[in-house]
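Here is the structure we will look at.
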Amino acid sequence: MSRILVTGGAGFIGSHTTVELLESGYDVLVVDNLSNSTAAMIDGVEKITGKKVPFAKIDCSDYEQMDKLLSQYNDIVGVIHFAASKAVGESVQKPLLYYKNNILSLITLLELMKVHKISNIVFSSSCTVYGQPDKEYLPVTEEAPIKPALSPYGNTKQINEEIIRDTAHSDESLHATILRYFNPIGAHPSALIGELPNGVPQNLLPFITQTAAGIRKELKVFGNDYNTPDGSCIRDYIYVVDLAKAHVKAIDRMLEHKAEEQVEVFNLGTGRGLSVLELLNTFMKVTGVNIPYQIVGRREGDIEQVWADPKKANEVLGWKADTSVEETLLSAWRWQQTLG
Ligand code: UD1
């Protein structure tokens, strides 16, 4: 059997990916320090799949503990590295925390992969590496220039991509797939796993669902004076289950030795840009729930518009994000309702 080490497997994207791996016949080993997630997500994964999930509450930047854990398994063939801090605003306040968590964990993993002879890694990157692409680069392909990061969080993604490239250059046995996510949203159709924001949600959809549930009074729409058709920012919102499936494809491709380059990069998005107001209106339409909102000033560091050209992932990975935004928004609402 082939086992995949999933770091951050109790998190939002990690838990959905663990489900898809198990349903595709892989064994898993989940490592998560639960700093921004809960073990209840592992229970949810077990309920959905009917399989027991081996789980270790370990910080994956802890070399000794990780070394000990990996010594207990001799069937790990790949790593999917989700574990990271991801709040853009917090990263500006606590840069060292972000550099430490996000960079040390990758370095530790790459060191241990060498020791334990694991040659494949999938890394969670972000469209944030493109910054605000110039008009000629919209929709964004993998060839668009990397722009200086706007936050320490974004910088950790860029630095980690470079660490992977340099390590692969020095070691031809290492294969890596860098996945640049656009905006993942939604929840598993079972409503047994989903997004669990810590405190006041920073991301748009959890804020919308919490407002719909009456937990928040009103949504603040950050700016309606952007150079977009309705003035609000445009993003590429992708269903988390579709996104999770791309990870299985990436692992399959490396294990089947189909990768054409030692380090491959894929944009994971739908190819469709939606504005904040379009997403909000679609949510209200499909759920029938009214969301009070107010237009306020722009949020510092926000990018005006970015959406993916997913052609490479479609053609090379053989993967497509095909769930409608309506279905995706309903899944998020069903999940919110289970939370109360
Ligand atoms: C940001 C990061 C992304 C990161 C992700 C993880 C950038 C450019 N993007 O995505 O790399 O992976 O966070 O958390 O740094 N909005 C509102 N009201 C709200 C919340 C959001 O109007 O209460 C708007 C924002 O202005 C934005 C859109 O909704 O236009 C999406 O925001 P959000 O969900 O926070 O994601 P990003 O900022 O795109």
May I ask you to list pairs of residues, at least six apart or on different chains, whose Cβ atoms are under 7 Å apart, with the first in segment 179-200 being among the aromatic types (F, W, Y) and the second being open to solvent by less than 20 Å² (accessible area, probe 1.4 Å) and assigned to a strand (DSSP E or B)?
-> Y181/S124; Y181/S126; Y181/L268; F182/I238; F182/L268; F182/A308
Would you mind telling me which numbered condition in (1) at pLDDT 95 or above; (2) within 26 Å of D309 (Cβ to Cβ); (3) open to solvent by 40 Å² or more (accessible area, probe 1.4 Å); (4) within 13 Å of the ligand (Cβ to nearest atom) K220 fails?
-> (2)
Could you list, in sequence order, all residues of segment 29-43 that are within 23 Å of G78 (Cα to Cα) and small (G, A, S)?
-> S37, A39
Answer yes or no as to whether E162 is in a helix (DSSP H, G or I), away from the ligand (no atom under 16 Å from the Cβ) and without any contact (Cβ under 8 Å) to a residue 40 or more places away in the chain.
-> yes
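Considering A176, A168, which residue is touching a residue at least 60 places away in the same chain (Cβ under 8 Å), out of contact with any helix residue (DSSP H, G or I) (no Cβ under 7 Å at 6 or more places or on another chain) and over 23 Å from I42 (Cα atoms)? Quick ask: steps written out before the conclusion?
On the way: A176 fails: out of contact with any helix residue (DSSP H, G or I) (no Cβ under 7 Å at 6 or more places or on another chain).
On inspection, the qualifying residue turns out to be A168.
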Given the conditions (1) at pLDDT 95 or above; (2) more than 30 Å from I303 (Cβ to Cβ), every one holds for N74 apart from (1)
Where residues in segment 115-133 are within 18 Å of K68 (Cβ to Cβ) and surrounded by 14 or more Cβ atoms within 10 Å (Cβ to Cβ), which of them is farthest from the ligand (Cβ to nearest atom)?
-> H116
Say we look at segment 178-201 and pick out the residues that are farther than 19 Å from S15 by Cβ and β-branched (V, I, T); which of these is farthest from the ligand (Cβ to nearest atom)?
-> I178
Within the bounds of segment 202-214, is there any residue that is at pLDDT below 95, within 9 Å of the ligand (Cβ to nearest atom) and not in a strand (DSSP E or B)?
-> yes
Do you know which residues across segment 134-159 are out of contact with any Phe, Trp or Tyr (no Cβ under 7 Å at 6 or more places or on another chain), buried (at least 20 other Cβ atoms within 10 Å of the Cβ) and in contact (Cβ under 8 Å) with a residue 60 or more places away in the chain?
-> G154
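The values are calculated or read from the model by the stated rules, or taken from the named source; none is laboratory data. Just so you know, these numbers come straight off a predicted model, no measurement behind them. Don't worry about glycine lacking a Cβ; one is built from the backbone with ideal geometry, like all the others, and counts go over all protein chains shown. Calculation scope for accessible area: heavy atoms of the full protein, side chains included, ligands and nucleic acids excluded. Shrake-Rupley method; radii C 1.70, N 1.55, O 1.52, S 1.80 Å.
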